[in-house]
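**Q** Submitted below is the structure of interest, expressed as structure tokens.
The values are calculated or read from the model by the stated rules, or taken from the named source; none is laboratory data. Quick caveat: nothing in here was measured; it's all calculated off a predicted structure. Note: ideal-geometry Cβ built from the backbone for every residue, glycine included; neighbour counts use all protein chains shown. SASA here: full protein model, heavy atoms, side chains in, ligands and nucleic acids out. Shrake-Rupley method; radii C 1.70, N 1.55, O 1.52, S 1.80 Å.
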Amino acid sequence: MPDGPLSLPARLCLLAWAPAPPAGTATAHLSGPVRAGALTELARHGLLVDQDGIATPVDLDSRTGDAVLDGLLELVRESCPHRWRTWVTLYSRVTLDAVREQLLAEGYLRVEKKRVLGVFPSAEYALERVAAVEALREETRQILRGPRPVAGVCERDAAVAMLAASAELLPGEDAGAHEERVRELAERAVASAPGLGEIVDEIRTALATTATALP
């Protein structure tokens with residue numbers, strides 16, 4: 001993947017622009033994939049674990065050093081227990097806002113200031129590093145299509161492609177047509193912790209359901 005070690009939720013946020021969030025559904029279109037990426041990242045690193053189907057912080061003190069992931073950990077700690085699929089959408093705007101601020105600081109996004117009705121000030125996010133995002137999108141497509149063996153794809157890149165396909169973030173790519181490849185990428189995404197397979201399956205199923213429900 002291009003341009004350094006972007007986190008999983010940050011990559012999914014960038015992929016959700018095509019090249020701009022669709023009018024009227026921008027928040028839902030972005031927030032589900034971003035939250036799914038953050039949940040997957042925390043599970044992969046053992047900071048969120050499964051207890052009878054409930055996403056549970058491993059302890060009260062662990063931190064990642066990433067403001068987005070640590071913010072989600074804190075939110076889960078302070079909230080009532082919920083299943084993984086619930087967390088894909090619950091308060092997902094919180095994670096989206098944190099990721100956008102992170103991408104703004106790193107120069108991937110910019111803020112465009114406007115006035116609504118010529119009077120009320122407003123600010124919108126727009127892509128700044130368009131070429132980098134296009135390169136990310138193309139490489140994600142290539143991972144999804146093959147013929148590169150899944151075993152040769154690193155775990156984070158496999159997770160990006162699997163979640164992007166589930167959320168229908170790659171225009172022109174039918175997730176159903178790549179069903180077997182997506183399943184293999186899901187397994188590869190947790191290769192170093194195979195016990196996470198059921199967690200990832202629940203996250204991507206919830207993400208696919210959310211994507212289908214969007215207009």
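**Q** Sorted by mean Cβ packing within 10 Å, highest first, what order do the peptides 61-73, 91-103, 151-163 take?
**A** Going by the mean number of other Cβ atoms within 10 Å, highest first, we get 151-163, 91-103, 61-73.
**Q** Now for a different question. Sorted by average packing, counted as other Cβ atoms within 10 angstrom per residue and highest first, what order do 32-42, 198-208, 126-136 take? Walk me through the numbers on the way to the answer.
**A** Numbers: 32-42: 28.8, 198-208: 21.0, 126-136: 16.0.
The packing order, highest mean first, is 32-42, 198-208, 126-136.
**Q** Further question on the same structure: Quote to one decimal, in nm, the extra length available between H82 and V58 on full extension: 0.36 nm per residue of separation minus the C-alpha distance between them. If you can, show how the numbers build up before the last one.
**A** On the way: separation 24, 0.36 × 24 = 8.64 nm, distance 1.47 nm.
Extending this stretch completely gives an extra 7.2 nm.
**Q** At 222 nm, what helix-only mean residue ellipticity would the chain give, in deg cm²/dmol to the nearest 500, using -39500 (n - 2.57) for each DSSP H run of four or more?
**A** That comes out to -16500 deg cm²/dmol.
**Q** I would also like to ask the following. Per the 1.4 Å probe, what fraction of the accessible area of the chain, in percent, lies on carbon and sulfur atoms?
**A** About 54 percent, which is the carbon plus sulfur part of the accessible surface.
**Q** Just subtract the alpha-carbon distance of K113 and D174 from 0.36 nm times their residue separation and send over the number in nm, one decimal.
**A** 18.4 nm
**Q** Relative to the present Cα-Cα distance, how much length would full extension add between E124 and V94 at 0.36 nm per residue of separation?
**A** Here the segment from E124 to V94 would lengthen by 9.1 nm.
**Q** Then there is this: Only one of the listed values, (i) -0.45, -0.74, -1.01, -1.33; (ii) -0.25, -0.68, -1.08, -1.38; (iii) -0.20, -0.59, -1.06, -1.48, was derived from the coordinates as log10 I(q)/I(0) by the Debye sum over Cα atoms at q = 0.07, 0.12, 0.16, 0.19 Å⁻¹; which label is it?
**A** (iii)
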